[in-house]
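The values are calculated or read from the model by the stated rules, or taken from the named source; none is laboratory data. Just so it is clear, the structure is predicted and the values come from calculations on it, not from any experiment. Cβ placement follows ideal geometry from the backbone for every residue including glycine, while neighbour counts extend to all protein chains displayed.
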Amino acid sequence: MSLRLRLNLLVAGLNLGFLAALTWLMVDNHRSAIQEEIEAAHRVTIQMLGTAAQTSRVFGSAPAVMFDYLKSLGRVRANEIRLYSDDGVLRYESPPSTYKAGRRAPDGFEALMRPKLATTVIGLPGARIQIVPDASRAILDAWDSVTAIFLLGLGFVAVLHVALLLFLRHLLRPTEADALRLVATTRQLAENREVIRLIQTGVEEERKRLARELHDELGQSVTAIRLIAASIARGNGSGGAVPGSAKIDEIAASLYDSVHRIVRELRPAVLEQPDLAAALADLGREWRVRHPEIELDLKLEGDLGDLGEAMTLAVFRCVQEALTNALKHAQASRVELAVRRRDGRLEASIEDNGRGVAADGPPGSGHGLVGMRERVVALGGRLEAAAGAEGGFRVSMSLPLPGDSE
């Protein structure tokens with residue numbers, strides 16, 4: 001449902017509610033007026049016919065005199081008058097009203113508006129007069145009045161809303177165009193996010209391949225060099241061969257260590273089983289060995305196992321990048337790394353006590369932070385980078401865990 005239609009329906013509902021309230025007030029006012037009018041007319045009729053009944057016997061037979069009087073009187077407004085003899089025979093009944101003859105208000109409306117007045121009976125020698133309140137004409141007038149005003153109000157509401165619909169169509173046309181552009185942009189962002197995810201997947205696959213090749217090819221070659229050098233050392237006792245072979249062995253050993261370090265950086269062995277806690281613990285141990293001058297405080301909370309390869313890799317690479325930034329740019333002496341799983345999300349923060357934001361420019365600048373943010377956003381999370389609460393620099397990330405029940 002469009003915004004224009006929702007606004008029009010809201011205004012229509014308000015106007016119809018106001019029209020209904022106004023109609024009810026009119027009905028209530030008419031009901032009070034009818035009650036007062038019929039009650040007054042009935043009271044006057046009772047007084048008039050009561051006086052006539054008391055004086056009728058002076059002029060002869062009371063039933064005959066009242067018959068002639070009522071016949072000459074005709075219809076009294078808002079009352080039905082009937083003359084009965086003592087034996088119950090109807091001798092006279094007032095003629096029907098000619099005002100709006102043949103019409104009546106609907107039964108429901110008439111029942112709602114009918115005044116609560118009882119029939120009055122006046123007795124006289126040999127007969128009785130029955131006076132019945134009749135509000136049908138007044139009720140019909142009220143019905144015609146309420147119906148006319150209601151239809152007029154309904155027509156006004158219809159005209160108002162046609163005009164409002166045309167006005168809103170003109171007013172909201174730019175807004176609807178903006179909404180369509182926003183939908184297109186959102187769709188494009190979703191597609192870009194999928195592209196980023198595919199790129200990251202491709203990067204990880206390439207890292208796996210390079211790690212395997214370095215291990216299988218270069219590692220085997222280095223091992224062969226070491227074996228040849230050892231063979232020379234055992235088979236040649238001359239003074240020149242032994243130092244040369246020892247040097248080859250030393251270089252090969254150093255190269256072997258370098259290869260293993262590169263393999264661990266490209267694809268830590270612990271990530272073959274996606275256990276983030278084990279991967280971060282291994283990273284922490286290697287950090288403390290290689291950088292003993294910087295204190296690393298590692299805090300892990302919650303179950304960080306079985307998060308899936310994508311989530312484990314994203315958090316691990318982001319932590320790696322943040323630690324590298326702290327090492328290269330922050331000149332920090334202490335780094336705090338906290339990773340916790342709670343309330344269906346995985347949260348991680350890396351904070352140092354180094355030079356802070358000024359060291360690297362505004363938060364979020366640099367390719368490192370951009371890459372970290374792309375990794376996190378591709379998994380539906382968010383990443384923030386800013387000055388720490390007590391100086392230094394802080395990177396925090398939060399990622400949703402689909403289907404997590406914690």
I'm trying to understand the selection: among the residues of the stretch 85-139, which are within 19 Å of R75 (Cα to Cα) and β-branched (V, I, T)? T98, T119, T120, V121, I122, I129, I131, V132, I139
Evaluate the stretch 69-79: report whether one residue or more is surrounded by 15 or more Cβ atoms within 10 Å (Cβ to Cβ) and either in contact with a Phe, Trp or Tyr (Cβ under 8 Å, 6 or more places away or on another chain) or among the acidic types (D, E) (or both). yes
Please determine, by comparing only the residues of the stretch 328-376 that are among the β-branched types (V, I, T) and either at pLDDT below 90 or touching a Pro at 6+ places or on another chain (Cβ under 6 Å) (or both), which one is farthest from L276 (Cα to Cα). V357
Pick from the stretch 305-355 the residues that are assigned to a loop (DSSP other than H, G, I, E, B) and in contact (Cβ under 8 Å) with a residue 40 or more places away in the chain: which of them is nearest to V370 (Cα to Cα)? A332
Note down all Cβ pairs under 7 Å where the first residue falls in the stretch 387-401 and is over 21 Å from L346 (Cα atoms) and assigned by TED's automatic domain parsing to the domain that holds R373, the second is of a type in the set (F, W, Y) and in a strand (DSSP E or B), and they're at least six residues apart or on different chains. A387/F393
Which one is farthest from the chain's Cα centre (by Cα), of the residues in the stretch 269-304 that are part of a strand (DSSP E or B) and modelled with pLDDT of 85 or more? E295
If you take the residues of the stretch 58-67 that are exposed (fewer than 15 other Cβ atoms within 10 Å of the Cβ) and assigned to a helix (DSSP H, G or I), which of them is modelled with the lowest pLDDT? V58
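Please work out which residue is surrounded by the fewest Cβ atoms within 10 Å (Cβ to Cβ), limiting yourself to the stretch 19-44 and to residues that are β-branched (V, I, T) and in contact (Cβ under 8 Å) with a residue 40 or more places away in the chain. Walk me through how you get there before you give the answer.
To start, the set of residues in the stretch 19-44 that are β-branched (V, I, T) comprises 23, 27, 34, 38, 44.
Okay, now just the ones that are also in contact (Cβ under 8 Å) with a residue 40 or more places away in the chain, so 23, 27, 34, 38.
Values: T23: 16, V27: 18, I34: 20, I38: 23.
Applying the filter and picking the extreme gives T23.
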Looking at the stretch 11-30, can you tell me whether even one residue there is of a type in the set (V, I, T), over 60 Å from the mean Cα position of the chain (by Cα) and assigned by TED's automatic domain parsing to the domain that holds P125? no
Within the group R104, R91, which residue is under 30 Å from N29 (Cβ atoms), in the same structural domain as R75 (by TED's automatic domain parsing) and either loosely packed, with under 11 Cβ neighbours inside 10 Å or touching a Ser or Thr at 6+ places or on another chain (Cβ under 8 Å) (or both)? R104
Out of L70, L16, L49, L83, which single residue is assigned to a strand (DSSP E or B), aliphatic (A, V, I, L, M) and in contact (Cβ under 8 Å) with a residue 12 or more places away in the chain? L83
Does the stretch 86-123 hold any residues that are closer than 19 Å to I38 by Cβ, charged (D, E, K, R) and assigned to a loop (DSSP other than H, G, I, E, B), and which are they? K100, R103, R104, R114, K116
Test V121 against the criterion of being surrounded by fewer than 17 Cβ atoms within 10 Å (Cβ to Cβ), of a type in the set (V, I, T), at pLDDT 90 or above and over 30 Å from L10 (Cβ atoms), and give yes or no. yes
What do you reckon, is E36 charged (D, E, K, R), in a helix (DSSP H, G or I), under 16 Å from D134 (Cβ atoms) and out of contact with any Gly (no Cβ under 9 Å at 6 or more places or on another chain)? yes
